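A quick write-up on the structure given underneath.
Here, each number is a calculation from the coordinates, and none is a lab measurement. Predicted model, so just to flag it, every value in this text is computed and none were measured. As a convention, Cβ positions derive from the backbone with ideal geometry for all residues, glycine included, and neighbour counts pool all protein chains shown.
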Amino acid sequence: MSQSYESEQAEIRRLLPELKSQINELKKQSDCADNFINVIKKYTIIDKLDASILNELIDKIVVHHREKTEDGSTFQQIEIYYRFVGKLTAGNELSEAA
C-alpha cells in the first residue's frame with residue numbers, strides 16, 4: 001500500500017508543472033476572450049465603419065495572392081485576425097493568433 005501511495009505521489013509531482021502550464025494557458029485564453037468581448041460590446045451596431053473601429057477590433061488582415069480557376073474566374077483568399085482572439089474559421093472555431 002505504501003509503495004502505491006509513493007508512486008502516486010511521484011506521478012503527481014511529475015505532472016504538476018505541466019498541469020500548471022495548462023492552467024496558465026487556459027487563463028490567458030480566457031482573459032483574451034474577455035478582452036475581446038469587452039471591446040466588441042461597444043460595437044454591437046456600427047453605423048459607419050471607420051479607421052478607429054478597425055484599429056480597435058482588427059489585429060491584422062492577410063491578403064493572399066490572386067488565383068485563377070480552370071473556368072477562368074479568379075478568387076483571392078483574405079484572412080482577418082481579430083484582436084485578442086485571432087482568426088475565426090468558417091466553423092466559428094478560434095485558431096491561434098499568429
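With a Förster radius of 41 Å, plug the Cβ-Cβ distance of Gln3 and Ile80 into 1/(1 + (r/R0)^6) and report the FRET value to the nearest 0.05. Rounded to the nearest 0.05, the efficiency is 0.15. This model, with +1 at the C-beta of Lys and Arg and -1 at the C-beta of Asp and Glu, gives the chain a dipole about its Cα centre of some 320 debye. Per-residue 3J(HN,Hα) values for the stretch 57-62, derived from phi via the Karplus relation 6.51 cos²θ - 1.76 cosθ + 1.60 with θ = phi - 60°, read 9, 10, 7, 7, 10, 10 Hz in sequence order (x marks Gly and Pro). Placing one identical point scatterer on every Cα of the stretch 2-50 and ignoring solvent, what is log10 I(q)/I(0) from the Debye formula at q = 0.26 Å⁻¹? For the requested q values the scattering log ratios are -0.91.
Considering only Val62, Val39, Val85, the mean-square fluctuation computed in a Gaussian network model of the chain, springs between alpha carbons under 10 angstrom, is largest for Val62. When the GluC sites (Glu not before Pro) in the stretch 1-71 are filtered for DSSP coil states and for at most 11 other beta-carbon atoms within 10 Å of their beta-carbon, the remaining sites are Glu70. Between amide H atoms placed 1.01 Å from N, distances below 5 Å from Asp59 occur with Tyr81, Tyr82, Arg83, all of them 5 or more places distant or on a separate chain. Once Kirkwood radius over Cα pairs in Å is calculated for the structure shown, the corresponding label among (1) 14.4; (2) 17.6; (3) 13.9 turns out to be (2). Considering helices alone, the calculated mean residue ellipticity of the chain at 222 nm is -17000 deg cm²/dmol, with DSSP H runs of length four and up weighted by -39500 (n - 2.57) and normalised per residue. Measuring nothing but how far apart in sequence close Cα pairs (under 8 Å, 6+ apart) lie, relative to its length, the stretch 2-87 scores a relative contact order of 25 percent.
Using the Karplus relation 6.51 cos²θ - 1.76 cosθ + 1.60 with θ = phi - 60°, the per-residue 3J(HN,Hα) values for the stretch 18-28 come to 5, 5, 5, 5, 5, 4, 4, 5, 5, 5, 4 Hz, with x marking Gly and Pro. Residue separation of Lys27 and Ile12 scaled by 0.36 nm, minus their Cα-Cα distance, works out to 3.3 nm of gained length.
Between Val39 and Val62, what length in nm is gained on full extension when 0.36 nm per residue of separation is reduced by their alpha carbon distance? Provide the component values of the computation, followed by the final result.
Details: separation 23, 0.36 × 23 = 8.28 nm, distance 2.17 nm.
Gain on extension, Val39 to Val62, equals 6.1 nm.
Potential lengthening of the chain between Asp71 and Asn55 amounts to 2.0 nm, from the contour at 0.36 nm per residue minus the alpha-carbon distance.
For the chain, modelled as a GNM whose springs connect Cα atoms under 10 angstrom apart, the maximal fluctuation among Ile12, Ile78, Ile37 occurs at Ile12. Ranking Ser2, Ala51, Val85 by how far each Cα lies toward the positive end of the dipole of the stretch 2-87 (charges on Cβ) leaves Ala51 at the top.
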